[in-house]
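Inspection log for the structure reproduced underneath, given as C-alpha cells.
The values are calculated or read from the model by the stated rules, or taken from the named source; none is laboratory data. Because the structure is predicted, anything quoted here is derived from the model rather than measured. No Cβ is skipped: glycine too gets one built from the backbone with ideal geometry, and neighbour counts run over all protein chains shown. When the accessible area is computed, the model is the full protein with side chains, heavy atoms only, and any ligands, DNA or RNA have been set aside. Shrake-Rupley method; radii C 1.70, N 1.55, O 1.52, S 1.80 Å.
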Amino acid sequence: MTVYENINALVGYALTTGLIEEDDIIYTKNRLLELFNLSGFEDQAQAENVPSVKIEELETILSGLLSYGAENGLFVDSGIVSRDLFDTKIMGCLVPPPSVVQKKFMELYKKSPRDATTWYYKFSQDTDYIRRYRISRDVKWQTKTEYGDLDITINLSKPEKDPRDIAAARNAPSSDYPQCLLCKENVGYAGRLNHAARQNHRIIPLRLSGGEWGFQYSPYVYYNEHCIVFSYTHEPMKITRDTFASLFDFLKLFPHYTVGSNADLPIVGGSILSHNHYQGGNYEFPMARAPIETRFEVRGFDDVTAGIVKWPMSVIRISSTSSGRLVELADRILRNWRIYTDEKSFIYSQTEGMDHNTITPIVRMKNGCFEMDLVLRNNITTNEHPLGVFHPHAELHHIKKENIGLIEVMGLAVLPSRLKKELSDLGNAIIRHKDLSKDETLAKHASWVKEFSKKYPKIDSSNVDHILKDEVGLVFARVLEDAGVYKRTPEGKEAFTRFIRTFC
C-alpha cells in the first residue's frame with residue numbers, strides 16, 4: 001500500500017473505532033498529510049476515499065506508515081523504541097483532547113461506573129496506547145495447586161529493546177520532565193529515546209482521601225482492565241492509614257474493581273517506588289478465591305470478621321460493611337507490624353537503622369461487604385539470600401528472579417519473555433533425551449527437569465508442553481511460599497498467631 005492508501009486506511013480505522021466522526025475526516029487527513037510532509041493527495045478520488053477497516057488491521061497500517069517515515073527521513077529507525085515513538089505520534093493525530101475524553105467518561109459514569117470503565121478501556125486500546133496486537137501474544141494458562149488455580153503469564157507485550165535503542169538512549173539528553181512514567185505531565189508528551197511517547201495517552205482525574213489522583217490503564221495489561229491509580233504529586237510510595245482510606249475511596253467509585261498497593265520498601269515493593277500509585281482492575285485474582293482457614297476475633301471490632309487466608313504468603317483478611325472500621329483496624333495492624341520483631345522466626349523490624357516490615361494491601365467488594373487483604377512483607381537480606389530472605393530463593397531463579405509485587409502476591413505470575421523460547425526448546429530437548437547440562441541456555445533448568453521428571457511415567461511430544469506449564473505453575477507456588485514471612489508449617493502458624501495476639 002502507498003503512504004496515501006495507509007493514511008486513508010488509518011482514517012477508516014479511526015471512524016470504525018469512533019475516535020473521529022464523519023465531520024472530522026478532512027481535518028484528520030490533513031493532520032496526517034502534514035505529519036508525513038505531504039502537500040496533498042495525488043488525485044481527488046484518493047482525497048475522498050475512506051475505506052472500511054477492521055480493528056485488527058491497525059498493526060499492518062502502522063507498519064506501512066513507519067516504513068515510509070523511515071525511508072523518507074521522518075525519524076531515524078534505530079529499533080523498536082524509535083518506531084514506537086513515531087507510531088505514537090501518528091496515533092496522536094486521531095485522539096481527542098483530555099477535556100473531551102473526561103467529559104465522555106463522566107457522562108457514562110452517571111449511567112454506571114462499569115459503563116464508564118468499559119468505554120475507557122476500549123478507548124485506551126483503540127488509541128493504541130494499549131497495543132492489542134502485542135497483548136495478544138502473551139502466553140497464559142492456569143495451574144492447579146493446593147492453594148487453588150494460579151494464573152501464569154509469560155509477558156511478551158513489553159518489547160525487548162534493540163541494542164541500537166539502548167545505545168541511542170544512553171546518548172540521549174537527560175530530562176526531568178516528566179519526572180517519571182507515572183506523572184500527569186505524560187499526557188500528550190512526545191517522548192524521547194529514554195522515555196515513552198504518550199501523545200495518545202489520556203487520564204481521568206479523581207479525588208481520593210482529599211487528594212488529587214489520576215486513573216489510567218497500564219499499556220502492558222497483565223489482566224482485564226489493568227489500571228493504574230496515581231497521585232498527581234510525584235512522591236515516593238508509602239503505606240499509611242491514608243493509603244487504606246484512598247484505596248477504599250477508589251473502590252467506592254468503582255465497586256466492580258479490585259485495587260491494591262505495592263509495598264513501600266525495596267525488594268518487596270514494585271518496580272516504581274518513586275511515585276505513589278495503586279493498581280487494580282476488573283479481574284478476580286486467585287487470592288480472592290482463597291478461603292479463610294483460621295478465624296480470630298479482635299477486641300473492640302465485633303463488627304469486623306477476621307482470619308488468616310489459606311495462601312502461600314502470610315495474609316490477614318478483614319471484612320465489614322464499614323470501610324472506616326477496616327481502615328482503623330488495618331492501621332492498627334500496620335503500626336504493630338512495622339515495629340514487630342520475632343527472632344525465632346527471623347523477623348526483624350529493623351537492622352542497622354534500616355526498616356524491614358511493611359504491608360501489601362488489597363481491597364475489593366464481596367457479598368455486599370468491604371473486604372481487605374493485608375499481606376505481611378519483610379525485605380531483610382543475608383549473605384545466603386542477598387536478594388532477600390523472603391524472596392524467591394536461588395534454586396527458583398531459573399524461572400523467576402524478579403521482585404514479587406502486588407500482582408504476583410495476588411496469584412498472577414508475570415514471567416519474563418525469555419521463558420517462551422526456553423520452554424519450547426526445553427520440551428524438544430526433553431523428548432530427545434538431550435544432556436541439558438551441555439546447553440548454555442537450558443543448563444539452568446537441568447536440576448529442575450531431573451526433579452519433576454520422576455513424577456511422570458512417560459514424557460513425550462503429546463504431554464511435554466502441558467507438563468512444563470504445570471511445573472512452571474508449581475514453581476510459582478514455591479516462589480510465593482518463599483515470599484511468605486510465615487511458612488505453612490506448625491511452627492510458622494504458631495509464629496503467625498504470636499503476631500496476631502499483638503493487636504487482638
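How many residues, within region 403-447, are crowded, with 17+ Cβ neighbours inside 10 Å and not β-branched (Val, Ile, Thr)? Walk me through it before giving the result.
Start the filter on region 403-447 by keeping residues that are crowded, with 17+ Cβ neighbours inside 10 Å, which leaves 403-415, 417, 419, 422-423, 426-427, 429-430, 436, 442, 445-446.
Going one step further and asking which of them are not β-branched (Val, Ile, Thr), we end up with 403, 405-406, 408, 410-413, 415, 417, 419, 422-423, 426-427, 429, 436, 442, 445-446.
So the count comes out to 20.
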query = So residue 34 clears everything in (1) farther than 30 Å from residue 184 by Cβ; (2) without any contact (Cβ under 8 Å) to a residue 24 or more places away in the chain except one condition, right? Which one?
reply = (1)
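Residues checked against (1) surrounded by fewer than 17 Cβ atoms within 10 Å (Cβ to Cβ); (2) within 22 Å of residue 491 (Cβ to Cβ); (3) among the aromatic types (Phe, Trp, Tyr); (4) within 27 Å of the chain's Cα centre (by Cα):
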| residue | (1), (2), (3), (4) |
| --- | --- |
| 329 | no, no, no, no |
| 335 | yes, no, no, no |
| 345 | no, yes, no, no |
| 352 | yes, no, no, no |
| 363 | no, no, no, yes |
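When the residues of region 390-402 are narrowed to those that are open to solvent by less than 20 Å² (accessible area, probe 1.4 Å) and part of a loop (DSSP other than H, G, I, E, B), which ends up nearest to residue 439 (Cα to Cα)? Before you say what the answer is, go through the steps one by one.
Step one: of region 390-402, the residues open to solvent by less than 20 Å² (accessible area, probe 1.4 Å) are 390-392, 396, 398-400.
Checking which are part of a loop (DSSP other than H, G, I, E, B) leaves us with 390-392, 398-400.
Working: 390: 31, 391: 27, 392: 24, 398: 14, 399: 16, 400: 20 Å.
Filtering first and then ranking leaves 398.
Restricting to region 102-132, what's the tally of residues that are of a type in the set (A, V, I, L, M), open to solvent by less than 50 Å² (accessible area, probe 1.4 Å) and over 23 Å from the mean Cα position of the chain (by Cα)?
We begin by selecting, within region 102-132, every residue of a type in the set (A, V, I, L, M); these are 106, 108, 116, 130.
Still in the running and open to solvent by less than 50 Å² (accessible area, probe 1.4 Å): 108, 116, 130.
From the residues that got through so far, the ones that are over 23 Å from the mean Cα position of the chain (by Cα) too are 108.
Looking only at that region, the number is 1.
Just wondering, is there one or more residues in region 235-247 that are among the aromatic types (Phe, Trp, Tyr), buried (at least 20 other Cβ atoms within 10 Å of the Cβ), more than 25 Å from residue 356 (Cβ to Cβ) and in contact with a helix residue (DSSP H, G or I) (Cβ under 9 Å, 6 or more places away or on another chain)?
Of all residues in region 235-247, those among the aromatic types (Phe, Trp, Tyr) come to 244.
Now narrow it down to the ones that are buried (at least 20 other Cβ atoms within 10 Å of the Cβ): 244.
Next, only the ones that are more than 25 Å from residue 356 (Cβ to Cβ) stay: none.
No, because not a single residue in region 235-247 is among the aromatic types (Phe, Trp, Tyr), buried (at least 20 other Cβ atoms within 10 Å of the Cβ), more than 25 Å from residue 356 (Cβ to Cβ) and in contact with a helix residue (DSSP H, G or I) (Cβ under 9 Å, 6 or more places away or on another chain).
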remark   = Pairs returned, first residue in region 402-421 that is free of Cβ contacts under 8 Å to residues at least 40 places away in the same chain and farther than 18 Å from residue 135 by Cα, second residue that is surrounded by fewer than 21 Cβ atoms within 10 Å (Cβ to Cβ) and not aliphatic (A, V, I, L, M), beta-carbon separation under 8 angstrom, 6 or more apart or interchain, are 402/416
message = Six or more apart or on different chains, Cβ atoms under 7 Å: show the pairs whose first residue is in region 37-59 and at negative phi and whose second is exposed (fewer than 13 other Cβ atoms within 10 Å of the Cβ).
response = none
inquiry  = Among (1) out of contact with any helix residue (DSSP H, G or I) (no Cβ under 6 Å at 6 or more places or on another chain); (2) over 17 Å from residue 406 (Cα atoms); (3) not in a loop (DSSP other than H, G, I, E, B), there is one condition residue 358 misses while meeting the rest; what is its number?
reply    = (2)
key: The one condition in (1) part of a loop (DSSP other than H, G, I, E, B); (2) out of contact with any helix residue (DSSP H, G or I) (no Cβ under 8 Å at 6 or more places or on another chain) that residue 459 fails to fulfil   = (2)
task = Would you mind stating whether residue 260 is at pLDDT 95 or above, touching a Cys at 6+ places or on another chain (Cβ under 7 Å), under 24 Å from residue 477 (Cβ atoms) and crowded, with 18+ Cβ neighbours inside 10 Å?
result = no
ask   = Say we look at region 148-179 and pick out the residues that are out of contact with any Asp or Glu (no Cβ under 9 Å at 6 or more places or on another chain) and modelled with pLDDT of 95 or more; which of these is surrounded by the fewest Cβ atoms within 10 Å (Cβ to Cβ)?
value = 149
ask   = Only one of (1) of a type in the set (Gly, Ala, Ser); (2) loosely packed, with under 14 Cβ neighbours inside 10 Å; (3) without any contact (Cβ under 8 Å) to a residue 12 or more places away in the chain is not met by residue 461, so which one is it?
value = (3)
key: Qualifying residues in region 298-327 (those that are basic (Lys, Arg) and more than 22 Å from residue 411 (Cβ to Cβ)) - the one most open to solvent (accessible area, probe 1.4 Å)   = 299
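Residue 331 - would you say it is touching a Ser or Thr at 6+ places or on another chain (Cβ under 6 Å) and not small (Gly, Ala, Ser)? Before you say what the answer is, go through the steps one by one.
Numbers: touching a Ser or Thr at 6+ places or on another chain (Cβ under 6 Å): no; not small (Gly, Ala, Ser): yes.
Considered against the rule, which asks whether it is touching a Ser or Thr at 6+ places or on another chain (Cβ under 6 Å) and not small (Gly, Ala, Ser), residue 331 comes out as no.
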remark   = Among residues of region 220-234 being open to solvent by 10 Å² or more (accessible area, probe 1.4 Å) and either of a type in the set (S, T, N, Q) or over 15 Å from the mean Cα position of the chain (by Cα) (or both), the residue farthest from residue 322 (Cα to Cα) is 234
request  = All but one of (1) outside any loop (DSSP other than H, G, I, E, B); (2) surrounded by fewer than 21 Cβ atoms within 10 Å (Cβ to Cβ); (3) of a type outside the set (Gly, Ala, Ser) hold for residue 251, so report the exception by its number.
outcome  = (2)
task = Please find, within region 5-45, the residue that is nearest to residue 104 (Cα to Cα) out of those that are open to solvent by 50 Å² or more (accessible area, probe 1.4 Å) and assigned to a loop (DSSP other than H, G, I, E, B).
result = 18
message = Residues that are modelled with pLDDT under 95, assigned to a helix (DSSP H, G or I), over 33 Å from the mean Cα position of the chain (by Cα) and of a type in the set (D, E, K, R): does region 59-79 have at least one?
response = no
